[in-house]
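Computed from the coordinates by the stated procedures, all read-outs in this text should not be read as laboratory data. What you see is a predicted model, and the numbers here were worked out from it, not measured in a lab. In this analysis, Cβ positions are derived from the backbone assuming ideal geometry, glycine residues included, and neighbour counts consider all displayed protein chains.
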Amino acid sequence: MKKLLVLVLAISLNAFAHDEGHGPKLTDSPKQGGVLTSVVLAKDASKGTKADLLHKAELVRSADGTVKVYYYDKSMNPLKVGTLANSAKAILITQKKGKVTTQEFDLKFVEDHFEGKSPKPARKPYNIDVKVKEGEKELLAAFDNLD
């Protein structure tokens, strides 16, 4: 019975471990029909909702695995071309029985967004973290609990 209780507790803690997110909670509606998240300095990710909001990002996924990421300023206006680097690194993160699996993939800037092909997630839900440079700063947009 004790083992069962410990197992249930461990699973429930795992399920809520990432609920807080990175950066302030957003109330805006996505412009492309995707998932919206805060963009923070990568080094401030551990601050959770207390991290300073720099920009906003929207993730749009297609059935074929194509991922598009749009970046906006705080007022949801698209960032000007050239504000961010021409490429970004994305990491697909899954967790099963306490084991975390990561798969990296590249995103390239196309017209007004970043685009790339995501590997198929081993399980759902999963996270996609996107890191991109803005000058010397490394930014993080963490899209959590995707399915």
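A few points about this structure:
- Given +1 at the Cβ of Lys and Arg, -1 at the Cβ of Asp and Glu and no other charges, the dipole of the range 75-119 around its Cα centre is 380 debye to the nearest 20.
- Computed per residue of the chain from DSSP H runs no shorter than four, each worth -39500 (n - 2.57), the mean residue ellipticity at 222 nm is -3500 deg cm²/dmol.
- Once the C-beta distance of Ser75 and Gln103 is scaled by a Förster radius of 22 Å, the resulting FRET efficiency is 0.05 to the nearest 0.05.
- Across all C-alpha atoms in the chain, the radius of gyration and Dmax reach 16.1, 59 Å.
- Each label was represented as a point 7 Å from its Cα along the Cα-to-Cβ direction; for Gln32 and Lys47 these points are 2.7 nm apart.
- Dipole in debye (nearest 20) - the chain, about Cα centre, beta carbon charges: Lys, Arg +1; Asp, Glu -1: 700
- Anisotropy class of the range 55-119 from Cα gyration tensor, a/c 1.5 cut: prolate
- Rounded to the nearest 5, the antiparallel percentage of DSSP beta bridges internal to the chain is 100%.
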